[in-house]
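The values are calculated or read from the model by the stated rules, or taken from the named source; none is laboratory data. Because the structure is a prediction, the values reported are computed rather than measured. So basically every Cβ, Gly included, is an ideal-geometry build from the backbone, and we count neighbours across all protein chains shown. With ligands, DNA and RNA removed, areas are computed over all heavy atoms of the protein, side chains included. Shrake-Rupley method; radii C 1.70, N 1.55, O 1.52, S 1.80 Å.
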Protein chains: 2
Amino acid sequence: MTTENKKVTITHIAKMANVSPSTVSRVLRGSAEVSEAKRTAIQQAIEELQYRPNIFAQSLASGQSMTIGVLTQNFGSPFYDGILQGILQGLEGSDYWPMFADGRWYEKVEKHALHLLLDRRVDGLIIIGGQLDAEMLHSILKTTPLVVVAREIPPIRNRCLYVNNYEAGYAATRYLIDMGHRHIAHITAPTINKIAIDDVEKRFEGYKQALIDASLPIDPHLIVEGNLLQQSGVLAVEMLLSRGRPFSAIFAANDQMAFGARLALYRRGIRVPEDVSLVGVDDEPSAAYIVPPLTTVRQPAVEMGQVAAKAILAFINGKTPELTPFKAHLVVRESVSRYR
Amino acid sequence: MTTENKKVTITHIAKMANVSPSTVSRVLRGSAEVSEAKRTAIQQAIEELQYRPNIFAQSLASGQSMTIGVLTQNFGSPFYDGILQGILQGLEGSDYWPMFADGRWYEKVEKHALHLLLDRRVDGLIIIGGQLDAEMLHSILKTTPLVVVAREIPPIRNRCLYVNNYEAGYAATRYLIDMGHRHIAHITAPTINKIAIDDVEKRFEGYKQALIDASLPIDPHLIVEGNLLQQSGVLAVEMLLSRGRPFSAIFAANDQMAFGARLALYRRGIRVPEDVSLVGVDDEPSAAYIVPPLTTVRQPAVEMGQVAAKAILAFINGKTPELTPFKAHLVVRESVSRYR
DNA sequence: CGATATTGTGAAAGCGTTTTCAGAATTCTA
DNA sequence: TAGAATTCTGAAAACGCTTTCACAATATCG
């Protein structure tokens, strides 16, 4: 498999097949009928010369990059990673290629990354989470098809793919209540500091509403803020414990914080689920493998990625797919026990 | 921030600044001196018209894509992910952009992905793991700078970035021996089925040598094969238990299998570390947060990624950086206890 | 102060495709 | 079977930049 195709151009193969470059281009892209004879001659020449079209020339001439920009916030978080995987799968078989950029949850970085992607003339854009405001997204939409994943932005809701986070929070809390728990702590994440977690806030609201519906008080002493990372789950539990308010269950706004919480409890000799029950959100891959396996609310990350990919392809082709919210559902494992 | 720059070309801004396109190009790339007056006029025009160069035209004309191809095997495995993160960081600030492809540990997929990357005319290539044979890599090297991460390929060792996996296996096993363990099980991964894990095999060898050096027998009944995923760790422990050979410690060839093992032990009511000690390899992010926190051999994934990025940039610039193997070192946490 | 370097600049020729346009060849229609 | 409709095909003009070349305009030297 030589790689010295460096210089083989469409003209070479045109000459070799005794046709014009236009014709070669036609069989390459299947953009018009070409007689059987010439077609095979061309294909043979391509084979023989190991011809590979120059993508830049193609893009320049056609105005298409055959590329989908994917703007994520956290390469490396299991949840975002699932989405990425789904996108990869969804794009497979299409002629489009994903191009990733990482906004790292910093608005400035995110904007910069977005521009790089746009400079790269992506044919479509998938934005995962982030903080770009609706207005900006709307203006992008004028020139570039767009799908937003894991975030709900009212003005362009028909371009958004998300789970109902309110229901997620509600379901988790409700389950704990049904299991007899009355003092349920919650680890949330700040919503002020621009870390733009509407998702997390929705879960928080679900938590509160579930309590209200069960005529249970919302006790501020049982609510702590983390930052979505494991370590903050550890800290959150320390904090909870230091406040001295008794609780028999913890609902963490994501699995990573739940993992941290679980470790902190272990350190204090508090057993899960015998002493304290624990519920997370996301159903990360490792949730099923911690000890005890974590009961959590599943966000169908991979599926969302797949759907996002299919959707952006559809938009690019001028279609208008219906984007329906995903259902989050409780995955019952072993980190919750009935309160006695 | 309008995005209707669609049509602003270098010619427009040349006209606006009363210069020729050549001159604009010169200030754009800083490829030659331009008088102060024209320079500022040009910059102003760029600003005003919100000009963004067309990357395809640039690449076509210059022959450079300003892109680094990154071929990974497993988007989503924490270890590979760390490397990716490192690459992202290492590339930051350079004008190069990474382009990812996933070989999924299938030789066919990997080859295909490689070709797509090469078609994309990447200026450099970082290959993480994989099974491409030395010959093929060697031929790529003729046209494209290359760095291989997390894999040691003798004929092009000066292009490889890896940790000494033999030492990793040795260190883990030795530690267990030093802690008084005499019956140490090992969960490895198949090396036959083309899943090309020389790394894992090296760890296995380290394990064996450590036993030999301590005059301990190598007991085939204490060796099981997994596939590097959590679930296989579960199965491995089941298998081990069913064989009835007593053991007081397990060395798993990677953290994910260690996690699975830990779960299986929990299911059987076997305590870690009181009854059985456990050691993994990788030091994945979650290793510090499982219960009990896992003692493991750290592979500096992020650092390797960073170095790989720096190295490929150096190669592109015609330099020849020295690539020295990384050290793996034991991270002692709480999953091992002294054997009584 | 004329000859020689140096610096800044524009014209124009690529880079390797796609695509429009028009004409040639073929097939169809009445 | 003449004319009309279809199919194929090639020439040539984009696409938006970079870069070579040559030539002014300056600066430098003996």
Residues (out of contact with any Leu (no Cβ under 9 Å at 6 or more places or on another chain) and at the interface with chain B (Cβ under 8 Å from one of its Cβ atoms)) located in the range A:56-66:
A:SER65
The conditions are (1) touching a residue at least 24 places away in the same chain (Cβ under 8 Å); (2) within 12 Å of DNA strand C (Cβ to nearest atom); (3) closer than 28 Å to A:PRO145 by Cβ, and A:VAL8 fails exactly one of them. Which is it?
(3)
Among the numbered criteria (1) away from DNA strand C (no atom under 16 Å from the Cβ); (2) surrounded by fewer than 16 Cβ atoms within 10 Å (Cβ to Cβ); (3) under 30 Å from B:TRP97 (Cβ atoms), which one does A:GLN44 miss?
(3)
Taking the residues in the range A:10-24 that are of a type outside the set (A, V, I, L, M, F, W, C) and either open to solvent by less than 50 Å² (accessible area, probe 1.4 Å) or within 12 Å of DNA strand D (Cβ to nearest atom) (or both) as candidates, determine which candidate is nearest to B:ILE140 (Cα to Cα).
A:THR11
Just wondering, is there one or more residues in the range B:132-140 that are assigned by TED's automatic domain parsing to the domain that holds B:GLY305 and within 14 Å of A:PHE100 (Cβ to Cβ)?
no
Answer from A:ILE270, A:ILE250 - the residue that is farther than 15 Å from A:HIS186 by Cβ and at pLDDT 95 or above
A:ILE270
Extreme residue, nearest to the other protein chains (Cβ to nearest Cβ), among residues of the range A:291-314 that are open to solvent by less than 20 Å² (accessible area, probe 1.4 Å), among the β-branched types (Val, Ile, Thr) and in contact with a helix residue (DSSP H, G or I) (Cβ under 7 Å, 6 or more places away or on another chain):
A:VAL291
Output the number of residues of the range B:142-186 satisfying the condition of being touching a strand residue (DSSP E or B) at 6+ places or on another chain (Cβ under 9 Å), within 14 Å of another protein chain (Cβ to nearest Cβ) and over 20 Å from B:ASP199 (Cβ atoms).
2
Among the candidates A:GLY90, A:GLY69, A:GLY76, which residue alone is open to solvent by less than 60 Å² (accessible area, probe 1.4 Å), within 10 Å of another protein chain (Cβ to nearest Cβ) and within 30 Å of A:GLU284 (Cβ to Cβ)?
A:GLY76
Sole residue being within 29 Å of B:ARG29 (Cα to Cα), in contact (Cβ under 8 Å) with a residue 12 or more places away in the chain and open to solvent by 10 Å² or more (accessible area, probe 1.4 Å), chosen from B:LEU116, B:LEU125:
B:LEU116
So, of the residues in the range A:93-103 that are more than 9 Å from chain B (Cβ to nearest Cβ) and open to solvent by 10 Å² or more (accessible area, probe 1.4 Å), which turns out to be nearest to B:VAL70 (Cα to Cα)?
A:TYR96
Quick one: count up the residues across the range B:25-41 that are within 7 Å of DNA strand D (Cβ to nearest atom) and surrounded by 13 or more Cβ atoms within 10 Å (Cβ to Cβ).
3
